[in-house]
Amino acid sequence: MRLRHIEVFNAVMLTGSVSAAARLINVTQPAVSRILAHAELQLGFALFQRVKGRLVPTQEAQTLYPHVQQLFAQLDEVQRLAAGLKHQQRQDELRILTVFALSVEVLPRALGAFRAQYPGVAVSIEALHSPQIVAALVRQEADLGFVFTAAAHPALLQEHLADAHMLCVAPRGMLPVALVQSGQVALADLAGRPLVRLAANDPIGTLVGHACRQADVALQALYTVQTYHAALALAQHGHAVALVDACTAASADRARVDVLAVQPPIAVPVQALRPAQRPASLPAEALTRCMRAALAQTLGA
């Protein structure tokens, strides 16, 4: 099958009719019929049968279609990669991906310093989960990514920026006064108390799960959330105790919650990621330095 045959076949499979397929790929109905007939002639078998005026895929067509879908997914990836390669020649635009926890306090501080150096660079920011950030950078859809504890990937360069730590954020009055006054809490102190848990596939959720197993502590997860600030919000509204990273805890309302260090400490590495196949632009290098300084400022506050 030629690529044009595959395009028409895919359009008919998607729409279920010649007329709709013609509109989808912006050609005439006779052209769709002609290309489809030529494809069937070359293949030596029918792709569709007419049943009560409708096109019904044959068994052979149904066998081919999953492979055609994979091909179009690969074509989409080629287009995204081509767009990324076109962008890398530009120095007046920076595309940033970040976990949400770093987008509220740390990244805005970093951008303040960055703007003093590069006032004219347009910056696009998208908050995603760590696996999505890694996948997008591998496809070269962005210049930089900021994540927690990312797994190494051969297509990416990883730079360690700082070590944050897990903190306990508890609604006022939920923990004993003596414990709050001590300024620190052990995981065992939280046993039996309502807890907000991050999803198990989240890097920080994985770290907390490992620490609980090491301490032989079973915590009661009343809520499971996908983002660190969702956990913080539940704590600030009095629902449960949240274990969050120090960058997230920096935006906690201390009038509504108590913030305590977790003992023993649970380190949360903050990493900068970028595609390994091309050198970092000067703006990308500058923003990475600004993020390192902003993390030091935030974590030292």
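All of the numbers you see were taken from the coordinates with simple rules; none came from a lab. It should be emphasised that the depicted structure is a prediction, and the values quoted were computed from it without experimental measurement. Note that each Cβ is placed from the backbone with ideal geometry, even for glycine, and that neighbours are counted across all protein chains shown.
Of note:
- For the chain, the longest principal axis of the Cα atoms and the long axis of helix 29-43 meet at an angle of about 90 degrees.
- If you look at the Cα atoms of region 234-283, you get an Rg and a Dmax of 16.9, 48 Å.
- Residues with amide H under 5 Å from that of V123, placed H, sequence gap 5 or more: L94
- The fewest-to-most ranking of F45, F72 by surrounding Cβ atoms within 10 Å reads F45, F72.
- Measuring max minus min along each principal axis, the C-alpha atoms of the chain give extents of 82, 48, 31 Å (largest first).
- Positive-pole candidate from T206, V262, T28, dipole of the chain, charges at beta carbon: T28
- For the pair E93 and T15 in one chain, pulling the backbone fully straight at 0.36 nm per residue adds 24.2 nm over the alpha carbon distance.
- Computed over neighbours whose Cβ is under 15 Å from that of P176, the net charge equals 0, Lys and Arg +1, Asp and Glu -1.
- Considering only the Cα atoms of region 1-138, their convex hull presents on average a projected area of 12.2 nm².
- The relative contact order of the chain comes to 22 percent, based on Cα pairs under 8 Å that sit 6 or more residues apart.
- Dipole check for the chain: with +1 at the C-beta of Lys and Arg, -1 at the C-beta of Asp and Glu, and the Cα centre as origin, the magnitude is about 800 Debye.
- Residue (of L111, H160, Q42) at the positive-pole extreme of the chain, dipole from beta-carbon charges: Q42
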